[in-house]
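Where a number appears in this text, it was derived from the coordinates with a stated rule and is not lab data. Note that the coordinates shown come from a computational prediction; the quantities given were computed from them, not determined experimentally. Glycine also receives a Cβ, built like all others from the backbone with ideal geometry; neighbour counts cover every protein chain displayed.
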Amino acid sequence: MALPPVVNTWYEDVRVGEEIPSISIGPLSHTMFLFIASSHHDWYPGHHDVEYAREQGLPDIFMNATWQHGLLQRLVCGWAGPNSIPRKIKYRMGRPVVRYDTVTGRGVVTGKRIENGEHLVDLDVWLDKQDAEKATTGWATVVLPSRGDTK
Amino acid sequence: MSEVVLETDPAGYVYRIGTEEEGMAWVGRETEPVEQPYPIDVEHIEHFVEGIQDPNPLYWSEEFGRKTRWGGRIAPWGVIVLTGEHKVWRPEWLESPRETPTLFMTVPLPGNRLLATDYEVECFQPLRPGDRVSKSEKLVSIVPKTFRVGVGHHVTVKAFFRNQRGEVCITDSRTIFRYKFGTGAGYKPAA
C-alpha cells in the first residue's frame, strides 16, 4: 500500500466552531468484543460474557474505557495530523457501548490559545450511538504545528 | 494489626475488603514505580489500532513516521494497557491469592466489583517500539456513590507512565465505581 503524504493541520488555519470529520465503527459483533478483550489484555467478564454483564445489571457486554479512548484519539489525531500531540483527552461514559451498536465519533473546535510556546486547540468530542446521542462526552486539547515553527 | 480480607471476583481481580473509613485513610497514598513486564512492540501497536480500525500511518509505518517530527513509528496512548499481563492464569496463582497490584483494588473498601466511569489522559510524548514502561500510582479521592448496579464508591487514581529514561510520557487519571455485588436495583431498559 502506497504511503500517504504528510498532511498537517496548521494552528493558524483552524477556526473556532468548526466541526472536525466524524468517524464511525460498527455494528460491533461479539467477535469484535473478544478481539478487544484480547488486544487490551482486559478479560473483565463484563466485556465478553453476556450472562455476567446482565447479572451486573447491564443490558449486554460493553466496550471498555480504553477502547473508547482509542476511538476518541483516532478522531482527534486523524484530523490533527501526524505532527500533532493529543495533549489531553478527558471523557465520561454515560450509556454503555454494547453488542451490535454502531458508534460515531464527532468533535467541534471550542478554543485556540498559545501556552508556553505551544499552539493548543480545544475541542468538545463525543461518541454517538445509533439510538443515543452523546453516549460518551469528552474534551480534548491538541498541540498543533504552527506555520511559524522553525521546524 | 487486623487481618487482611481478600475477595476475588469472576475476572480474577483480588480486592482488599475494608470499611469506608479505612479506605479514606489511604487517600494521597503513592506507589513506587514498577517496570511493566512487556516492552512496547510493533505487534502490540498493530493489535491495538486494529481494534479501533485506525488507519493512521504513524501507527503502521516506520517509513511514514520518519517523515514526521517523531522520526519513526509511534504508539497510540492505549498501548500502555498491553505492557501488563493478561492475568487469565499465572503460575503464582498456584499459591495463595495475590492482590491485584493497583490502588483501585488494594485500598480497603466494601466493594468487590468495579466499573470504569471517567478518564483523563495526558500525553507528553509518545511511546515507541522498544520502550520499557514503568508505572506508579497515586490515590486521589474516594467518594461514596450509589448507581443502579450497586452501592459503593467512586475511586480516582492517577497513574504515571515513564519510559526507560524516567521521562513521564503519559498520565492517566481514571475513576472507577467500586461497588458491592448484589446491592443494586438492576438495569431498567428505557420505556
**Request:** Enter the mean number of other protein chain beta carbons within 10 Å of the beta carbon of each residue in B:59-67, as an integer.
**Result:** 2
**Item:** If the convex hull is drawn through the Cα atoms of the range A:17-84, its volume per residue in Å³
**Value:** 117
**Message:** Regarding chain B, what's the average projected area of the Cα-atom convex hull, expressed in nm²?
**Reply:** 13.7
**Item:** Value of Rg/Rh across the range B:105-158 [Cα atoms, Kirkwood radius]
**Value:** 1.07
**Message:** Shape verdict for the range B:1-92, please, from the Cα gyration tensor: rounded (a/c under 1.5), prolate (a/b greater than b/c) or oblate.
**Reply:** prolate
**Complete:** Place a point 7 Å from the Cα of A:Ser22 in the direction of its beta carbon; the residues of the range A:88-126 whose amide N falls under 11 Å from it are A:103-107
**Prompt:** Which whole number gives the average count of other chain Cβ atoms within 10 Å of the Cβ atoms across peptide B:116-128?
**Reply:** 5
**Fill in**
In this structure, the FRET efficiency calculated for A:Lys112 and B:Arg66 from their beta-carbon separation, with R0 = 30 Å, to the nearest 0.05, is 0.50
**Message:** I want to verify the translational diffusion coefficient of the protein assembly as shown in µm²/s; compute it with Stokes-Einstein, Rh as the Kirkwood radius over Cα pairs, at 25 °C and 0.890 mPa s.
**Reply:** 117
**Message:** If I take R0 = 51 Å and measure r between the Cβ atoms of A:Arg15 and B:Glu22 in this structure, what FRET efficiency does the formula 1/(1 + (r/R0)^6) give, to the nearest 0.05?
**Reply:** 0.45
**Prompt:** FRET efficiency for B:Val42 and A:Arg54, Cβ-Cβ distance as r, R0 = 56 Å, nearest 0.05?
**Reply:** 0.90
**Prompt:** Which aspartates and glutamates have a Cα less than 15 Å from the Cα of B:Lys87, not counting those fewer than 8 places away in the same chain?
**Reply:** A:Asp42, B:Asp9, B:Glu95, B:Glu99
**Complete:** Which of B:Glu99, B:Glu30, B:Glu50 fluctuates most in a GNM of chain B (C-alpha springs under 10 Å)? That residue is B:Glu50
**Asked** What is the set of long-range amide H partners of B:Leu127 at a cut-off below 5 Å, with H atoms built 1.01 Å from backbone N?
**Response** B:Ala75
**Distribution of pairwise C-alpha distances over the range B:47-104, 5 Å bins, in %** = 4, 14, 18, 15, 13, 9, 10, 9, 5, 2, 0
**Fill in**
Looking only at lysines whose Cα falls under 17 Å of A:Lys134's and that sit 8 or more positions away or on another chain, we get A:Lys90
**Message:** Rounded to the nearest angstrom and ordered from largest down, what semi-axes does the equivalent ellipsoid of chain A get from its C-alpha gyration tensor (root of 5λ)?
**Reply:** 33, 16, 13
**Message:** For chain A, what does the helix formula give at 222 nm: sum of -39500 (n - 2.57) over DSSP H segments with n ≥ 4, over the residue count, nearest 500 deg cm²/dmol?
**Reply:** -6500 deg cm²/dmol
**Complete:** Counted neighbours (other Cβ, 10 Å), sorted fewest up, put A:Tyr52, A:Tyr44 in the order A:Tyr52, A:Tyr44
**Asked** Once you average over the residues of A:1-9, how many Cβ atoms of partner chains fall within 10 Å of each Cβ?
**Response** 3
**Complete:** Magnitude of the Cβ-charge dipole (Lys and Arg +1, Asp and Glu -1) of the range B:5-179 about the Cα centre, nearest 20 debye, reported as 300
**Asked** Relative contact order for chain B using alpha-carbon pairs under 8 Å, separation at least 6, rounded to a whole percent?
**Response** 26
